[in-house]
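The values are calculated or read from the model by the stated rules, or taken from the named source; none is laboratory data. In this text, all values refer to a predicted model and were calculated from it rather than measured experimentally. FYI the Cβ positions are ideal-geometry reconstructions off the backbone, even for glycines, and counts take in every protein chain you see. Please note that ligands, DNA and RNA were not included when accessible areas were found on the heavy atoms of the full protein model with its side chains. Shrake-Rupley method; radii C 1.70, N 1.55, O 1.52, S 1.80 Å.
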Amino acid sequence: MQTGRMRTELVSEPGDADRPNEDFAAVGLPASGQGGSVVVLDGVTPPRTGTGCLHSVPWFTARLGGALTELTVSLPDVPLADALSRAIARTSEAHATTCDLSHPRTPQATVVVARWNPATVEYLVLSDSALLLESPDGVVTPVLDDRLALLPRSALVTDALVDSTLRNLEGGFFTAAADPSVAARAVTGTVPRGEVRALAALTDGATRWVERFEEGDWTDCLRLVRKEGPQALVDRVRTLERSDAAETFPGRSKRHDDATAVYVEF
């Protein structure tokens, strides 16, 4: 898609063709042409034991992602953390009377948001999706919430242990679920618009190219997406997954995960 001199490309692909895609991705471009936003969510796959909710993860990510996209565009002066808080509250209100939102596995998602105007680029990252910012001289800065990655593998051996000691708890990691206050836990910042010529928002199904298969670093990843497009990144991840007979993380990682990549070039 071309808007003036801006290039935007988006791909979102389910890990299993027989299961709904739990990711969400959107690009909001106001009619004024004076800015825009990217919203990417990675829905957390529910356990077989249930979530206390009548709704699916795709229902949740569609609701939360839709609300967040609307708020980031319609309220450009509201900080992104506040926009996320409002979007979580709106989504929670939609099913609070029918579902147990206190359940630790109530539908939830990772979040990446980037919003730009003629002066600045704002960002927000919550949990293990990634945002890559490229400067005019080609330096790529990854914006990551690394709290989950820094936890010892011994703390992640079972869902029950994670849910009781780490999920949305101090000393653990945070996702967008039912509590609006979690938005204050996100990694946020603002950089001058002139210092960003391109950005990419990626769920962890797409970042596997860097983080799991180590095919390149973040600079290589953004270069690939710019040159060949987001679909090429996802296609390469799928090829690597199919050839990964050893299953690098047995019992803790899906062979194929939903993969989403959004690229914006100013």
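Miscellaneous remarks
- Restriction of the trypsin sites (Lys or Arg not before Pro) in the stretch 44-100 to DSSP coil positions whose beta-carbon has at most 15 other beta-carbons within 10 angstrom yields Arg48.
- Euclidean distance between Cα centres, the stretch 189-205 to the stretch 112-134, Å: 5 Å
- Expected 222 nm ellipticity per residue - DSSP helices of 4 or more, -39500 (n - 2.57), all of the chain, to 500: -8500 deg cm²/dmol
- Using the Cβ-Cβ distance between Asp220 and Arg7 with R0 = 22 Å, the FRET efficiency computed as 1/(1 + (r/R0)^6) comes to roughly 0.65.
- The stretch 27-111 gives an Rg/Rh value of 1.03, both radii derived from C-alpha positions and Rh following Kirkwood.
- The slack between Arg153 and Arg255, meaning 0.36 nm per residue of separation minus the straight C-alpha distance, is 34.9 nm.
- In order along the stretch 187-204, the phi-based Karplus estimate (6.51 cos²θ - 1.76 cosθ + 1.60, θ = phi - 60°) of 3J(HN,Hα) comes to 7, 10, x, 9, 10, x, 4, x, 8, 10, 9, 7, 8, 9, 10, 9, 7, 5 Hz; Gly and Pro are listed as x.
- Counting only the Cα atoms, the stretch 1-67 fills a convex hull of 99 Å³ per residue.
- All other residues whose Cβ lies under 14 angstrom from that of Ala183 are scored, Lys and Arg at +1 and Asp and Glu at -1, for a net of -1.
- For the stretch 107-244, the square roots of the Cα gyration tensor eigenvalues, ordered a ≥ b ≥ c, give a/c of at least 1.5 with a/b no greater than b/c, which places it in the oblate category.
- For the stretch 25-127, the solvent-accessible area works out to 39 Å² per residue, with a probe of 1.4 Å and every protein chain left in place.
- Projection of the Cα convex hull of the stretch 98-183, averaged over all directions and equal to a quarter of that hull's surface, yields 7.7 nm².
- Radius 11 Å from Cβ of Ala89, net charge of other residues (Lys, Arg +1; Asp, Glu -1): -1
- Database note for the chain: Cys without another Cys beta carbon under 4.7 angstrom, Cys221.
- Stretch gain in nm, segment Asp16-Asp235, where the contour uses 0.36 nm per residue and the Cα spacing is subtracted: 77.5 nm
- Phi-derived couplings, Karplus 6.51 cos²θ - 1.76 cosθ + 1.60 at θ = phi - 60°, listed residue by residue for the stretch 110-116: 6, 9, 10, 9, 10, 9, 10 Hz, with x used for Gly and Pro.
- Cβ-Cβ FRET estimate between Lys227 and Arg197, R0 fixed at 22 Å, reported to 0.05: 0.95
- Between Val78 and Ala119, the simple label model (points 7 Å from Cα in the Cβ direction) yields a spacing of 2.0 nm.
- Placed amide H near Asn168: partners under 5 Å, 5+ positions off or other chain: Phe173, Phe174, Thr175
- For Asp23, the residues 5 or more places off, or on other chains, whose built amide H falls under 5 Å of its own are Gly43.
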